[in-house]
1. Does the range 1-60 hold any residues that are among the aromatic types (Phe, Trp, Tyr) and more than 30 Å from residue 135 (Cα to Cα), and which are they?
2. Please count how many residues of the range 68-95 are part of a loop (DSSP other than H, G, I, E, B) and in contact with a Gly (Cβ under 9 Å, 6 or more places away or on another chain).
3. Taking the range 1-54 as the search range and keeping residues that are not in a helix (DSSP H, G or I) and not aliphatic (A, V, I, L, M), which one is nearest to residue 123 (Cα to Cα)?
4. Could you list all residues from the range 115-139 that are in contact with a strand residue (DSSP E or B) (Cβ under 8 Å, 6 or more places away or on another chain) and among the charged types (D, E, K, R)?
5. Considering every residue within the range 60-67, establish whether at least one is out of contact with any Asp or Glu (no Cβ under 8 Å at 6 or more places or on another chain), surrounded by fewer than 10 Cβ atoms within 10 Å (Cβ to Cβ) and among the basic types (Lys, Arg).
6. Only one of (1) surrounded by fewer than 14 Cβ atoms within 10 Å (Cβ to Cβ); (2) in a strand (DSSP E or B) is not met by residue 130, so which one is it?
7. Which of the residues belonging to the range 104-115 are farther than 16 Å from residue 59 by Cβ and either in a strand (DSSP E or B) or of a type outside the set (A, V, I, L, M) (or both)?
8. Give the number of residues within the range 102-125 that are surrounded by fewer than 17 Cβ atoms within 10 Å (Cβ to Cβ) and either among the β-branched types (Val, Ile, Thr) or at positive phi (or both).
Amino acid sequence: MMKNSKGMSLIDLLVSILILAITSAAFLGILLTALNFIDSAKEQTIAVYDLRDMMESIRSTRTTPFSTMLTNYPNGIQDGPGARPYTTVVGNYTLRSEHITVTYPNTAAEPLEVRVTVTWQDKFGRSLSTAMSTFKSRL
């Protein structure tokens with residue numbers, strides 16, 4: 001004759017706790033991954049805003065006539081010349097280890113191609129970068 005058991009055994013309880021722990025760990029892993037993606041997207045957005053600020057300053061003939069291009073934005077010099085650092089253009093750097101570099105693939109070309117690159121480090125110490133190009137005419 002079998003006894004009718006009421007309630008749950010210790011094994012049932014331990015299995016339930018194990019299942020709960022595994023699902024909780026998976027949920028927390030997904031949550032941490034989502035937070036890392038959000039941080040990455042935020043950093044990328046800030047970098048694009050800094051690029052856009054630089055591009056607007058470079059393309060503006062009022063603030064940057066063509067005759068002063070290579071002086072104000074020297075080719076390949078990270079963070080700009082000492083007299084006019086790029087931090088004044090973009091309103092200080094807000095990304096970790098952020099640097100901005102302006103390069104010209106061919107300084108003799110017309111129109112002049114201007115490439116701006118922003119590099120920074122994420123919270124894991126990985127080096128990231130994004131770049132944009134624009135053109136400016138000598139005429």
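1. Listed by number, the residues that qualify are 27, 37.
2. 3
3. 9
4. Those that are in contact with a strand residue (DSSP E or B) (Cβ under 8 Å, 6 or more places away or on another chain) and among the charged types (D, E, K, R): 115, 122, 136, 138.
5. Yes.
6. Here residue 130 meets the rest and fails (1).
7. Within the range 104-115, 105, 106, 107 qualify.
8. Counting residues in the range 102-125 that are surrounded by fewer than 17 Cβ atoms within 10 Å (Cβ to Cβ) and either among the β-branched types (Val, Ile, Thr) or at positive phi (or both) gives 2.
Values in this text are rule-based calculations from the coordinates and carry no lab data. It should be emphasised that the depicted structure is a prediction, and the values quoted were computed from it without experimental measurement. In this analysis, Cβ positions are derived from the backbone assuming ideal geometry, glycine residues included, and neighbour counts consider all displayed protein chains.
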